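Bear in mind these aren't lab numbers, they're just calculated from the coordinates by the rules spelled out. Here the structure is a predicted model, which means the values were calculated and not measured. Here the Cβ positions follow ideal geometry from the backbone for every residue, glycine too, while neighbour counts run over all protein chains shown.
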Amino acid sequence: MTDIGKTAHLKQLLFSLEKDLGIHELGTVQQNILYAASLLKNRDDPIETDDIRQHELVASVARSSFFNALKSLVDAGYLRHIDGAKRSQYVLTKKVQDGV
Amino acid sequence: MKNTKVWRDWMLPFLVVSAAYIFAFVITIYGLLPLQAAYTPDLEKYASLLFLPHGVRVLSAWLLGWRSIPLIAPAALYTHFLNFGADGFTVLGSAGAMSSVVGATLCFWLLAKFGMDFRISTGRNVHWRDVMLAGFFASIVNTVGMGYVYHHSYKTMTSYLIGDVSGLFACMFVLMLVFKMLRGLQATKLPSCLLTY
């Protein structure tokens, strides 16, 4: 496993602690990205970043804030990046179905 | 290329793990133990109720697997020497010290054999309570090892167990706060050009 992979697992582990202690919170932008992704989701098909970005729930969010929030959602295990796709794509993880 | 691999796989982890272990030990022995002694004078002076190095041991074992044993052994043996002096290096004393080094990795491996594979190499998402469970069993190995070697009382062994488990939780809690703080800093300071998606 790569160093990045290990760091991601460590972050995920610590995030589970954060969540159980009740000090984890999803910001408005993060929540809206998840809502947009849920609305855009078509069965198990991946969702393209551009589609989320253009959704009206997040269209007004600054680019840097959007990508920061997107990254934190991946780190927190709500979204999973699809490797190898021609365009940047994500899928919602089971964690989203369990409730945000 | 080969040197880079040795540096990345062995030297860097060795430096990080050793520094973290010795730092955790110093905080525990010189910071927390004197405080504890003031409130629990009847406990042995070395039986910390918040033993942070156990957190370093368990997290290293989780992150590095079997490699954590040789990587953490020098720091663990050094701190064993600080605790018990040269007398701690009889055959039995050394075995007791090594039980704490090997225990965490061994427990992750044993739990995997019983269908609870929390090792990072599986690539599965692991919950913090899974690591706490492995850390608890590792503490039992450590406590029994040290208890056998030094004929500790049940009270001292119970202190070890409490100290190890609370130390592991404290380590994860501190790391969690650090990562949370870093997330906050990244969200406010990193320019968008650094984000590549």
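On a 0 to 90 degree scale, rounded to 10, what angle separates helix B:12-26 from the longest Cα axis of chain B? So the inclination is approximately 50 degrees.
Ordering B:7-17, B:62-72, B:44-54 by mean Cβ neighbour count within 10 Å, with the highest value first, yields B:44-54, B:62-72, B:7-17. Each Lys and Arg adds +1 at its Cβ and each Asp and Glu adds -1 at its Cβ; summed about the Cα centre, region B:2-194 shows a dipole of about 760 debye. Entry note: the protein assembly as shown has Rg to Rh equal to 1.05, where both radii use alpha-carbon atoms and Rh is the Kirkwood radius.
Computed over neighbours whose Cβ is under 15 Å from that of A:MET1, the net charge equals +3, Lys and Arg +1, Asp and Glu -1.
Amide H contacts for A:ILE47 (H built 1.01 Å from N in the peptide plane; partners 5 or more residues away or on another chain; cut-off under 5 Å): A:TYR90, A:VAL91. For the protein assembly as shown, the Cβ-based charge dipole about the Cα centre amounts to some 580 debye (Lys, Arg positive; Asp, Glu negative; other atoms uncharged). 3J(HN,Hα) along region B:121-127: 5, 6, x, 7, 6, 10, 8 Hz, from the Karplus curve 6.51 cos²θ - 1.76 cosθ + 1.60 with θ = phi - 60°, whole Hz, x for Gly and Pro. Karplus-based coupling profile of region B:98-114, in residue order and whole Hz: 6, 4, 6, 6, 7, x, 5, 5, 4, 5, 4, 5, 5, 4, 4, 5, 9, with θ = phi - 60° in 6.51 cos²θ - 1.76 cosθ + 1.60 and x standing for Gly or Pro.
Over all residues in B:175-181, what is the mean tally of Cβ atoms on other chains that come within 10 Å of each residue's Cβ? Don't jump to the answer; show the numbers that get you there.
Details: counts 5, 10, 3, 1, 9, 5, 0.
Mean partner shielding for this stretch: 5.
For region B:6-24 and region A:42-68, what is the separation of their Cα centres, given in Å? Cα centroid to Cα centroid, the span is 40 Å. Inter-chain Cβ neighbour count for B:29-37, averaged per residue, equals 0 (cutoff 10 Å, partner chain atoms only). Per-residue Cβ neighbour counts within 10 Å put B:LYS155, A:LYS95, A:LYS86 in the sequence A:LYS86, B:LYS155, A:LYS95, beginning with the fewest. Rounded to the nearest Hz, the phi-derived 3J(HN,Hα) couplings of region B:74-81 under the Karplus curve 6.51 cos²θ - 1.76 cosθ + 1.60 (θ = phi - 60°) are x, 5, 5, 5, 5, 5, 4, 5, where x marks glycine and proline.
Between B:PRO70, B:LEU59, B:PHE84, the Cα set farthest toward the positive side of the dipole of region B:43-148 (charges on each charged residue's Cβ, about the Cα centre) is that of B:LEU59. All C-alpha pair distances within chain A, sorted into 10 Å bins from zero, spread as 15, 48, 32, 5 percent across the bins. Against chain A, whose longest principal axis is taken from its Cα atoms, helix A:28-40 shows a tilt of about 60°.
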